[in-house]
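Q: Structure provided below as structure tokens; questions to follow.
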Amino acid sequence: MPRIKSQLPEVEEKIPNPYLPLPAKIILMKRETHDCFLIRLDIKTKYEPGQFFQVSLPLIGEAPISVASYSPDYLDLNIREVGNVTNALAKLKKGDTLYIRGPYGKGYPMEKFFGKDLILVGGGSGVAPLKGIISYVEKHKQNFGNVSLFFGFRTPDDILFKDDIKQWSKAYQMHLTVDSNPKKVKLACDVCFITNVVEKAKLDNDNTVVFVCGPPVMMNITIGYLKAKGFKEDQIYISTERLMQCALGICGHCMIHGKYTCLDGPVFRFDEISKYKE
Amino acid sequence: MLKINKLSLPDFLTDIMRYNELVAPIKTDESRFEVVKDVTKIQLDLHTYFPAKKFFFKKHQTLYEYKNNKLSVPEIQPDKKQRVMVGLKRCDLNSIKRQDIMFTKDTKDPYYIEERERTILIGYQCKAPVDEYCFCSSMDLGDYYDLMLYEKDDAYLVEIGSEKGRNFVDRYRKYFWDTDAFLRPEDRRVETNLQLNKKDISQYYDHPLWKKLVDQCFSCAACVTLCPSCYCFDIYDECDAKLCNSETKRNWASCQLQCFTKVAGGHIFRQTRDARFKHRIYHQLQYFKERHGINLCTGCGRCIRGCPTRINFVNALNEMQ
């Protein structure tokens, strides 16, 4: 029978299934804190800092996880045990297989920031996507000016990437805080909110971009302080969290007013979504 | 122009049924589109309570299976018959256009496309609004069909809308007659009493009148289930009793429920009923338009008709100053 022409766009005979994930092997499994761990996957896909992958385990489900690395040879995912899928992922070992599809979304448009100073403000597991930026900066060091890091965690036990932080402290201006110190351990960092440090810090808003990622409250307060220091909304990039199920811009869960977090985000320039209250 | 005589319509439909799956509006407990078993039950002019979207965007769709430690897509049955849908109203046809945009334009959804490709859409032009909830004449609906039937005297005038429709007419040529009759512009539209007067609702997001509507809402999600355009869905894994094999499925979802925006850890982004209620209206009348140039809403009125408290957002929007 000849192919009947319809109103639908012409499609190839075999449509690649956008929902079907591919298996990926775990080459490194590292416990970061009591509830956070890092999975390194043997994947050669090209991705950008700020993008995310849909990670799934059959029988359990799928979850969106943002990338925490920048490398052509592997993919790092920093995961917090907070839901069904992430709790199950925590039980995997090196050599196990999980399923993955992606990368999805718009990452940080790093090439736009060549020649600028960078300020990274991260709270808790929000530091993970920013780690991708740092990896990128390390590979393109000559293209960026000063890099300042402001990372805050709940308690000393929650501090992520401890080894990396030691390295970063040498290379960049590093500000590290913990919200509280319940075990009264000896600390090399301040006990306060990271937002307080941002408030007090002398920041030059000229030729600078700021990346903020963390819990919604922390992002709101940080942005308030930044604005008070004269930063404009188009100098601030935030990474948003939403429930994502298809990651293809259909299922609707991640919509922030008219924008799909999975297509237009998860990284937004703040002026794009600042008028929305959600 | 072509026509089908009213008297020969039952024969035509019976003939279609012989080799195709015929779907038509049928009055059962409620009115809905069903696979026809008895031609006499078909009511072409019936404006169904339930939409026709379940035939393309299914309530439950298995996306892939996990069996014996392997992921696979369920085999597509090769012997599926061609499907002929008759009695689709202009609002139904335009809703199919909206869903085509979502499932076939940027992302090619193989499950939707498979069902859509094997279907021929035969429309039926309403002669009058069904009830006071129809507001299609204010929604700028276009032509989107393979064939369209216009009732006129003792016949249905037939308009061909696509190559697919033309081939279909050629196959059943004996039922179609040439005629000198022609369609006037007023034959193509029906004037509804309810009209949405606002073209741009963006400035009314914080209007105090919303509260009156939200206070009547139970968040029961009937509006979304009955909407022929709404396309949001959930994806979840369903495993067997032995916890060995699983199916990853997608189900219809509703933005009116809190769980729709609940992330791991428990945070709900659209916590208030107010935010969820407005999200649906704004998605229908603004967000979709910003992306695709047309409203998602087609003015079929099903969401008002099926609402337990008959929340008439059209009147309310008209009142907003």
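Q: Based only on other Cβ atoms within 10 Å, what is the fewest-to-most ordering of A:VAL267, A:VAL137? If you can, show how the numbers build up before the last one.
A: Values: A:VAL267 25, A:VAL137 20.
So the residues, fewest neighbours to most, are A:VAL137, A:VAL267.
Q: Residue separation times 0.36 nm, minus the C-alpha to C-alpha distance between A:ASP204 and A:LYS170: what's the value? Could you put the intermediate results ahead of the total?
A: Numbers: separation 34, 0.36 × 34 = 12.24 nm, distance 2.12 nm.
Here the segment from A:ASP204 to A:LYS170 would lengthen by 10.1 nm.
Q: Name the residues of the range A:64-89 whose amide N is less than 17 Å from a point 7 angstrom out from the Cα of A:LYS25 along the C-beta direction?
A: Residues A:73-76 qualify, since their backbone N sits under 17 Å from the label point.
Q: Same structure, new question: Quick one: if the Förster radius is 35 Å, what FRET efficiency do B:ASP143 and B:GLU238 give, using the C-beta to C-beta distance and rounding to 0.05?
A: Values: r = 40 Å, r/R0 = 1.15.
Working from the Cβ atoms, E equals 0.30.
Q: Given the Cα-Cα distance of A:LYS183 and A:LEU92 and 0.36 nm per residue of separation, how much length would full extension add, in nm? Walk me through the numbers before you get to the answer.
A: On the way: separation 91, 0.36 × 91 = 32.76 nm, distance 2.99 nm.
Computed gain between A:LYS183 and A:LEU92 is 29.8 nm.
Q: Right, here's the next one. Give the angle, between 0 and 90 degrees and rounded to the nearest 10, that separates the Cα long axis of helix A:216-228 from the longest principal axis of the Cα atoms of chain A.
A: Its long axis makes an angle of about 60 degrees.
Q: Would you please put A:158-169, A:188-199 in order of how densely packed they are, using the mean number of other Cβ atoms within 10 angstrom per residue and starting with the highest?
A: Highest-to-lowest ranking by the protection proxy: A:188-199, A:158-169.
Q: Report the local net charge at B:TYR172: Lys and Arg +1, Asp and Glu -1, summed over other residues whose C-beta lies under 14 Å from its C-beta.
A: Working: positive: B:LYS3, B:ARG18, B:LYS164, B:ARG166, B:ARG171, B:ARG173, B:LYS174; negative: B:ASP11, B:ASP15, B:ASP146, B:ASP170.
Charge balance near B:TYR172 sits at +3.
Q: Right, another one. If the chain between A:VAL191 and A:LYS106 were fully stretched, how many nm would it gain, using 0.36 nm times the residue separation less the Cα-Cα distance? Don't skip to the answer; put the middle values down first.
A: Values: separation 85, 0.36 × 85 = 30.60 nm, distance 3.44 nm.
Length gained, A:VAL191 through A:LYS106: 27.2 nm.
Q: Any idea what the dipole of the range A:22-104 comes to, in debye rounded to 20, about its Cα centre with Lys/Arg Cβ at +1 and Asp/Glu Cβ at -1? Can you show the working numbers first?
A: On the way: 11 positive and 9 negative charges, 44 e Å.
Charge dipole, the range A:22-104, about its Cα centre: 220 debye, nearest 20.
Q: Among the chymotrypsin sites (Phe, Trp or Tyr not before Pro) in the range B:1-63, which ones are in a DSSP loop with at most 12 other Cβ atoms within 10 Å of the Cβ? Mind listing them? Mind dumping the intermediate values first?
A: On the way: sites: B:PHE12, B:TYR19, B:PHE33, B:TYR49, B:PHE55, B:PHE56, B:PHE57; in loops: B:TYR49, B:PHE56, B:PHE57.
Sparse-neighbourhood loop chymotrypsin sites (Phe, Trp or Tyr not before Pro): none present.
Q: I've got another one for you. At 222 nm, what value in deg cm²/dmol follows for the protein assembly as shown if DSSP H runs of at least 4 each add -39500 (n - 2.57) and the sum is divided by all its residues, to the nearest 500?
A: -6000 deg cm²/dmol
Q: Please go through the range B:224-321 and write out the trypsin sites (Lys or Arg not before Pro) that DSSP classes as loop and that have at most 13 other C-beta atoms within 10 Å.
A: Values: sites: B:LYS242, B:LYS249, B:ARG250, B:LYS262, B:ARG270, B:ARG273, B:ARG276, B:LYS278, B:ARG280, B:LYS289, B:ARG291, B:ARG302, B:ARG305, B:ARG310; in loops: B:LYS242, B:ARG270, B:ARG310.
Passing sites in the range B:224-321 are B:LYS242, B:ARG310.
Q: Could you tell me which of the pairs B:LYS80/B:LYS105; A:LYS93/B:LYS242; A:LYS25/A:LYS91; B:LYS59/B:LYS242; B:LYS89/B:LYS152 are separated by over 18 angstrom between their Cα atoms in the structure shown?
A: B:LYS80/B:LYS105; A:LYS93/B:LYS242; B:LYS59/B:LYS242
Q: If you don't mind, another one. Cα axis of helix A:162-171 to longest principal axis of chain A: angle in degrees, 0 to 90, nearest 10?
A: The helix A:162-171 is inclined about 60 degrees to chain A.
Q: On average, how many beta carbons from a partner chain sit within 10 Å of the beta carbon of a residue in B:102-114? Let's see the in-between values first.
A: Working: counts 5, 3, 5, 2, 4, 8, 9, 7, 8, 3, 2, 4, 1.
Going residue by residue through B:102-114 and averaging, the value is 5.
Q: Can you tell me the FRET efficiency between A:LYS229 and B:GLU30 if r is taken as the Cβ-Cβ distance and R0 is 60 Å, rounded to the nearest 0.05?
A: Values: r = 61 Å, r/R0 = 1.01.
It comes out at approximately 0.50.
Q: Please report, largest first and rounded to whole Å, the three semi-axes of the ellipsoid equivalent to chain B, where each semi-axis is the square root of five times an eigenvalue of the C-alpha gyration tensor.
A: Working: eigenvalues 235, 167, 51 Å².
Largest first, chain B gives 34, 29, 16 Å.
Q: Taking the Cα centre of the range A:110-239 as origin, work out the dipole magnitude from +1 charges on Lys and Arg Cβ and -1 charges on Asp and Glu Cβ, in debye rounded to 20.
A: Details: 17 positive and 14 negative charges, 59 e Å.
That gives the range A:110-239 a dipole magnitude of about 280 debye.
Q: Place a +1 charge on the Cβ of each Lys and Arg in the protein assembly as shown and a -1 charge on the Cβ of each Asp and Glu, then give the dipole magnitude about the Cα centre in debye, rounded to the nearest 20.
A: Computed charge dipole of the protein assembly as shown: roughly 940 debye.
Q: How big is Rg to Rh over chain A, alpha-carbon atoms, Rh as the Kirkwood inverse-mean-distance radius? Could you put the intermediate results ahead of the total?
A: Details: Rg = 19.9 Å, Rh = 19.9 Å.
Using only Cα positions, Rg/Rh for chain A is 1.00.
Q: I'd like the trypsin sites (Lys or Arg not before Pro) in the range B:87-195 restricted to DSSP loop residues with at most 13 other Cβ atoms within 10 Å, sorted by number. List each step's numbers first, then the result.
A: Values: sites: B:LYS89, B:ARG90, B:LYS97, B:ARG98, B:LYS105, B:LYS108, B:ARG116, B:ARG118, B:LYS127, B:LYS152, B:LYS164, B:ARG166, B:ARG171, B:ARG173, B:LYS174, B:ARG188, B:ARG189; in loops: B:LYS89, B:LYS108, B:ARG118, B:LYS127, B:ARG188, B:ARG189.
Qualifying residues, ordered by number: B:LYS127, B:ARG189.
Q: All other residues with a Cβ under 11 Å from the Cβ of A:GLY95 taken together, and with Lys, Arg as +1 and Asp, Glu as -1, what is their net charge? It would help to have the intermediate numbers written out before the result.
A: On the way: positive: A:LYS25, A:LYS93, A:LYS94; negative: A:ASP42, A:ASP96.
Overall, the nearby charge balance is +1.
Q: Select from A:ASN181, A:ASN207, A:PHE113 the residue farthest towards the positive end of the dipole of the range A:110-239; place +1 on Cβ of Lys and Arg, -1 on Cβ of Asp and Glu, and compute about the Cα centre.
A: Positive-end residue among those listed: A:ASN181.
Q: With the contact rule set at Cα under 8 Å and sequence spacing of 6 or more, what percent relative contact order holds for the range A:22-104? Please list the in-between numbers first.
A: Details: 177 pairs, mean separation 32.1, N = 83.
After rounding, I find 39 percent.
Q: For the range A:110-239, what is the convex hull volume of its Cα atoms per residue in Å³?
A: Values: hull volume 12.9 nm³, N = 130.
Spelled out: Cα convex hull of the range A:110-239, divided by residues, is 99 Å³.
Q: Given contacts defined as C-alpha pairs under 8 Å and at least six residues apart, what's the relative contact order of chain B, whole-number percent? Write down the numbers at each step before the final one.
A: Values: 547 pairs, mean separation 70.7, N = 321.
Relative CO of chain B lands at 22 percent.
Q: Still on this model: Note down the net charge around B:GLU319, summing +1 for each Lys or Arg and -1 for each Asp or Glu among other residues with Cβ under 12 Å from its Cβ. Before the final figure, lay out the partial values.
A: Numbers: positive: B:LYS198, B:LYS212; negative: none.
Net of charged neighbours comes to +2.
Q: Among B:CYS239, B:SER254, B:PHE269, which residue has its Cα positioned farthest towards the positive end of the charge dipole of the range B:185-270, with +1 placed on the Cβ of Lys and Arg, -1 on the Cβ of Asp and Glu, and the dipole taken about the Cα centre?
A: B:PHE269
Q: What is the mean number of Cβ atoms from other protein chains located within 10 Å of the Cβ atom of each residue in peptide B:245-252, rounded to a whole number?
A: Numbers: counts 2, 5, 2, 9, 0, 5, 0, 0.
Mean number of neighbouring Cβ atoms from other chains: 3.
Q: OK, next. So how tilted is helix A:127-139 from the main axis of chain A? Cα-based, degrees 0 to 90, rounded to 10.
A: Approximately 90 degrees, to the nearest ten.
Q: What base-10 log of the normalised intensity I(q)/I(0) is obtained for the protein assembly as shown from the Debye formula, alpha carbons as equal point scatterers, at q = 0.05, 0.08, 0.12, 0.13 Å⁻¹?
A: So the normalised log intensities are -0.28, -0.66, -1.21, -1.34.
Q: How many Cβ atoms of partner chains, on average, are near each residue of B:165-178 if near means within 10 Å of its Cβ? Let's see the in-between values first.
A: Details: counts 3, 2, 4, 1, 0, 0, 0, 0, 0, 0, 0, 0, 0, 0.
Other-chain Cβ atoms within 10 Å of each residue's Cβ, averaged: 1.
Any read-out appearing in this document is the output of simple, stated calculations on the displayed coordinates, not a laboratory observation. Note that this is a predicted model, so its numbers are computed, not measured. As a convention, Cβ positions derive from the backbone with ideal geometry for all residues, glycine included, and neighbour counts pool all protein chains shown.
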